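Participant: Structure below; questions to follow.
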Amino acid sequence: MNPQAATATTGGDPFALRARGVNEVHVEAAVAPFRAEEANGRLIAEPGAVPELEEVLAGLEPAPTVWQELVVEGGPEGMLARRPVTAHPQGYVYDFWLVARIAERLGA
(Lines give C-alpha, C1' and ligand atoms only; values in the text may rest on other atoms or scores of the structure.)
Protein backbone atom coordinates (compact mmCIF):
# COMPACT_ATOMS: atom_id res chain seq x y z
CA MET A 1 0.00 0.00 0.00
CA ASN A 2 1.23 3.45 -0.87
CA PRO A 3 1.51 5.29 2.49
CA GLN A 4 0.92 8.67 0.84
CA ALA A 5 -2.28 7.41 -0.80
CA ALA A 6 -3.44 5.96 2.50
CA THR A 7 -2.69 9.23 4.21
CA ALA A 8 -4.98 11.05 1.81
CA THR A 9 -7.92 8.76 2.57
CA THR A 10 -7.46 8.19 6.30
CA GLY A 11 -6.86 11.64 7.67
CA GLY A 12 -3.10 11.30 8.06
CA ASP A 13 -2.74 7.78 9.46
CA PRO A 14 -1.47 5.39 6.76
CA PHE A 15 -2.32 2.37 8.92
CA ALA A 16 -5.89 3.35 9.81
CA LEU A 17 -7.35 1.56 6.77
CA ARG A 18 -5.43 -1.61 7.52
CA ALA A 19 -6.60 -1.53 11.15
CA ARG A 20 -10.23 -1.36 9.99
CA GLY A 21 -9.84 -4.20 7.48
CA VAL A 22 -10.01 -3.64 3.75
CA ASN A 23 -11.12 -5.41 0.61
CA GLU A 24 -8.58 -5.12 -2.16
CA VAL A 25 -8.80 -6.11 -5.80
CA HIS A 26 -5.50 -6.16 -7.68
CA VAL A 27 -5.30 -6.57 -11.45
CA GLU A 28 -1.90 -7.05 -13.05
CA ALA A 29 -2.35 -4.79 -16.05
CA ALA A 30 0.07 -1.97 -16.77
CA VAL A 31 -1.81 1.31 -17.24
CA ALA A 32 -1.04 5.01 -17.23
CA PRO A 33 -0.68 6.22 -13.62
CA PHE A 34 -3.90 7.45 -12.03
CA ARG A 35 -5.77 7.73 -8.76
CA ALA A 36 -9.53 8.02 -8.35
CA GLU A 37 -11.69 8.04 -5.27
CA GLU A 38 -15.31 8.33 -4.27
CA ALA A 39 -16.76 11.75 -3.54
CA ASN A 40 -20.49 12.29 -3.09
CA GLY A 41 -21.37 8.97 -4.69
CA ARG A 42 -19.21 9.45 -7.81
CA LEU A 43 -15.73 8.29 -8.66
CA ILE A 44 -13.48 11.26 -9.39
CA ALA A 45 -9.99 11.01 -10.93
CA GLU A 46 -7.20 13.21 -9.69
CA PRO A 47 -6.02 15.88 -12.15
CA GLY A 48 -3.81 14.57 -14.92
CA ALA A 49 -5.70 11.33 -15.54
CA VAL A 50 -5.87 10.10 -19.12
CA PRO A 51 -9.09 11.01 -21.00
CA GLU A 52 -10.08 7.35 -21.36
CA LEU A 53 -10.24 6.99 -17.58
CA GLU A 54 -12.26 10.18 -17.29
CA GLU A 55 -14.71 8.74 -19.85
CA VAL A 56 -15.15 5.49 -17.92
CA LEU A 57 -15.77 7.32 -14.66
CA ALA A 58 -18.12 9.86 -16.27
CA GLY A 59 -20.19 6.98 -17.64
CA LEU A 60 -20.89 5.59 -14.16
CA GLU A 61 -24.11 6.52 -12.42
CA PRO A 62 -23.76 8.22 -9.03
CA ALA A 63 -24.16 5.45 -6.46
CA PRO A 64 -23.18 6.41 -2.91
CA THR A 65 -23.69 2.91 -1.50
CA VAL A 66 -21.86 1.18 -4.35
CA TRP A 67 -18.76 3.37 -4.52
CA GLN A 68 -18.62 4.27 -0.80
CA GLU A 69 -15.03 4.92 0.34
CA LEU A 70 -13.53 3.34 -2.80
CA VAL A 71 -10.02 4.31 -3.91
CA VAL A 72 -8.62 3.02 -7.21
CA GLU A 73 -4.98 3.45 -8.19
CA GLY A 74 -3.22 2.38 -11.34
CA GLY A 75 0.24 2.39 -12.84
CA PRO A 76 2.87 0.24 -14.52
CA GLU A 77 2.52 -2.49 -11.86
CA GLY A 78 -1.25 -2.81 -12.24
CA MET A 79 -4.39 -1.50 -10.64
CA LEU A 80 -5.59 -1.70 -7.07
CA ALA A 81 -9.12 -1.00 -5.86
CA ARG A 82 -9.38 -0.67 -2.08
CA ARG A 83 -12.12 0.12 0.42
CA PRO A 84 -12.85 -0.61 4.09
CA VAL A 85 -14.73 -3.86 4.60
CA THR A 86 -17.46 -1.94 6.41
CA ALA A 87 -18.09 0.35 3.40
CA HIS A 88 -20.02 -2.28 1.41
CA PRO A 89 -20.20 -5.98 2.33
CA GLN A 90 -19.73 -7.11 -1.27
CA GLY A 91 -17.96 -4.09 -2.67
CA TYR A 92 -15.16 -6.24 -4.05
CA VAL A 93 -17.53 -7.49 -6.77
CA TYR A 94 -18.14 -3.93 -7.97
CA ASP A 95 -14.43 -3.18 -7.61
CA PHE A 96 -13.40 -6.13 -9.78
CA TRP A 97 -15.95 -5.15 -12.43
CA LEU A 98 -14.65 -1.57 -12.38
CA VAL A 99 -10.92 -2.35 -12.65
CA ALA A 100 -11.60 -4.86 -15.45
CA ARG A 101 -13.58 -2.18 -17.30
CA ILE A 102 -10.83 0.41 -16.77
CA ALA A 103 -8.13 -2.06 -17.93
CA GLU A 104 -10.10 -2.81 -21.08
CA ARG A 105 -10.67 0.87 -21.84
CA LEU A 106 -7.02 1.75 -21.24
CA GLY A 107 -5.89 -1.05 -23.55
CA ALA A 108 -4.22 -3.15 -20.89
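Participant: For the range 56-76, which residues satisfy the criterion of being over 14 Å from Arg42 (Cβ atoms) and out of contact with any strand residue (DSSP E or B) (no Cβ under 9 Å at 6 or more places or on another chain)? Full working, then the answer.
Facilitator: Taking the range 56-76 as the starting set, the residues that turn out to be over 14 Å from Arg42 (Cβ atoms) are 73-76.
Within the range 56-76, Pro76 is the sole residue that qualifies.
Participant: Moving on. Return only the number of the condition from (1) modelled with pLDDT of 85 or more; (2) more than 27 Å from Gly107 (Cα to Cα) that Glu38 does not satisfy.
Facilitator: (2)
Participant: To continue, here is another question. How many residues are assigned to a helix (DSSP H, G or I) and either among the polar types (S, T, N, Q) or surrounded by fewer than 17 Cβ atoms within 10 Å (Cβ to Cβ) (or both) when one looks only at the range 72-93? Can you show your working first?
Facilitator: So in the range 72-93, the residues assigned to a helix (DSSP H, G or I) come out as 85-87, 91-93.
If we keep only those that are either among the polar types (S, T, N, Q) or surrounded by fewer than 17 Cβ atoms within 10 Å (Cβ to Cβ) (or both) as well, we get 85-86, 93.
So the answer is 3.
The values are calculated or read from the model by the stated rules, or taken from the named source; none is laboratory data. From a predicted model like this one, the values you see are computed outputs, not experimental measurements. Here the Cβ is made from the backbone with ideal geometry for all residues, glycine too, and neighbour counts use every protein chain on show.
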